[in-house]
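The values are calculated or read from the model by the stated rules, or taken from the named source; none is laboratory data. Quick caveat: nothing in here was measured; it's all calculated off a predicted structure. Positions of Cβ are backbone-derived with ideal geometry, glycine not excepted, and every protein chain shown enters the neighbour counts.
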Amino acid sequence: MLSLESIVAGYGDAVALSDVSLTIAAGELVAVVGANGAGKTTLVNVIARLLPMRAGRLTWEGADLGRLPPQALGERGIALIPEGRRLFGAMSVEENLDMGCYRRSARALREEGLERVYGMFPILRERRGQMAGTLSGGQQQMVAIGRALMARPRLLLIDEPSLGLAPSVVQQVFEVIRTVNAQGVSMLLIEQNVALALQVADRGYVLENGRIVAQASASALLERPDIRAAYLGGV
Ligand SMILES: Nc1ncnc2c1ncn2[C@@H]1O[C@H](COP(=O)(O)OP(=O)(O)OP(=O)(O)O)[C@@H](O)[C@H]1O
Ligand SMILES: [Mg+2]
């Protein structure tokens with residue numbers, strides 16, 4: 001279980017997150033949705049320890065994460081799929097996947113991990129030797145998800161997986177997200193695509209100007225007239 005209590009974070013004089021509290025129970029798929037600049041990436045970077053927090057408490061499986069460096073999170077079962085995917089474009093698909101299993105225990109399970117990822121994304125097996133930078137956006141997102149899965153995480157943080165992808169590809173990526181979650185991996189899904197995110201999530205939080213302004217089951221959020229008006233085109 002991940003728990004954030006009253007987190008404050010920002011850049012210089014600017015506050016990007018104020019008093020943010022959030023939980024993810026084991027096996028849950030939790031969406032954090034919000035407009036451009038709401039603070040979603042800031043939130044995920046605080047959890048991934050890439051950005052220091054100014055106040056608040058961050059715990060995972062009962063342990064204080066607040067003092068750990070980002071490299072320590074893999075060992076603790078947390079993996080991040082960053083915004084924009086951040087692949088090594090001049091490296092092959094398989095070399096990128098290998099970057100996900102730097103932990104010794106995961107490396108021992110490399111073959112099994114590759115089979116899992118290739119089983120989920122058969123196109124990546126076909127393209128295992130191709131440079132990642134030459135793949136389509138959707139295929140690159142598959143590599144990014146696959147790379148994170150190679151570390152065998154218990155919690156996956158995904159920042160804007162739909163960014164820049166064609167709608168049909170987005171559907172495919174979201175199906176994979178659902179499948180991975182069904183295999184028991186807890187997830188924090190960050191999205192601007194509010195409708196899609198709330199369709200796959202168990203629960204959701206709405207972030208506005210660095211504050212949580214709503215939280216409920218995803219289905220309840222989808223029903224709320226104010227959420228529909230603000231984020232779903234009022235339909
Ligand atoms: N490196 C940075 N330095 C200064 N300000 C930043 C930095 N990164 C983000 N910000 C500011 O912090 C606020 C939150 O940004 P953040 O990137 O977390 O939003 P977001 O919800 O992820 O947006 P998007 O949907 O565009 O990805 C914004 O006002 C942004 O301008
Ligand atoms: Mg962002």
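The table for this structure:
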item: Every pair of residues 6+ apart whose Cβ atoms lie under 6 Å, when the first sits in the stretch 38-54 and is under 12 Å from Ser18 (Cα atoms) while the second is within 8 Å of ligand 1 (Cβ to nearest atom) and part of a helix (DSSP H, G or I); result: none
item: Members of the stretch 191-209 that are within 15 Å of ligand 1 (Cβ to nearest atom), under 21 Å from Glu223 (Cα atoms) and not β-branched (Val, Ile, Thr); result: Glu191, Gln192, Asn193, Leu196, Ala197, Gly204, Tyr205, Leu207, Glu208
item: Test: residue in the stretch 79-93 that is assigned to a helix (DSSP H, G or I) and surrounded by 15 or more Cβ atoms within 10 Å (Cβ to Cβ); result: yes
item: Close pairs from the stretch 104-117: first closer than 15 Å to Arg147 by Cβ and among the polar types (S, T, N, Q), partner modelled with pLDDT of 70 or more and not in a helix (DSSP H, G or I), Cβ under 9 Å, at least 6 apart; result: none
item: The stretch 35-47, residues that are near ligand 1 (Cβ under 6 Å from one of its atoms), over 8 Å from Gln192 (Cβ atoms) and over 11 Å from the mean Cα position of the chain (by Cα); result: Gly37, Ala38, Gly39, Thr42
item: Residue list for the stretch 168-227, restricted to those being acidic (Asp, Glu), within 16 Å of ligand 2 (Cβ to nearest atom) and surrounded by fewer than 21 Cβ atoms within 10 Å (Cβ to Cβ); result: Glu208
item: Residue within the stretch 138-151 that is within 16 Å of ligand 1 (Cβ to nearest atom) and either part of a helix (DSSP H, G or I) or over 30 Å from Glu61 (Cβ atoms) (or both) present; result: yes
item: So Ala72, is it surrounded by fewer than 14 Cβ atoms within 10 Å (Cβ to Cβ) and away from ligand 2 (no atom under 16 Å from the Cβ); result: yes
item: Residue count for the stretch 142-161, restricted to those that are within 17 Å of Leu29 (Cβ to Cβ) and not small (Gly, Ala, Ser); result: 11
item: The listed residue being part of a strand (DSSP E or B), within 16 Å of ligand 2 (Cβ to nearest atom), modelled with pLDDT of 95 or more and over 16 Å from the mean Cα position of the chain (by Cα), out of Val32, Val20, Val8; result: Val20
item: Filter result (within 16 Å of ligand 1 (Cβ to nearest atom) and either under 12 Å from the mean Cα position of the chain (by Cα) or on the phi > 0 side of the Ramachandran plot (or both)) within the stretch 155-190; result: Leu157, Ile158, Asp159, Glu160, Pro161, Ser162, Gly164, Leu188, Leu189, Ile190
item: Residue within the stretch 140-155 that is modelled with pLDDT of 90 or more, charged (D, E, K, R) and either over 20 Å from Ala90 (Cα atoms) or in contact with a Lys or Arg (Cβ under 8 Å, 6 or more places away or on another chain) (or both) present; result: yes
item: In the stretch 118-169, the residues that are among the polar types (S, T, N, Q) and farther than 23 Å from Leu22 by Cβ; result: Gln130, Thr134, Ser136, Gln139, Gln140, Gln141, Ser168
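Conditions tested, residue by residue: (1) under 21 Å from the mean Cα position of the chain (by Cα); (2) under 23 Å from Gln71 (Cα atoms).
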position: Gly84; (1), (2): yes, yes
position: Asn96; (1), (2): yes, yes
position: Cys101; (1), (2): yes, yes
position: Ala108; (1), (2): no, yes
position: Arg116; (1), (2): yes, no
position: Phe121; (1), (2): yes, no
position: Glu126; (1), (2): no, no
position: Ala132; (1), (2): yes, no
position: Met142; (1), (2): yes, yes
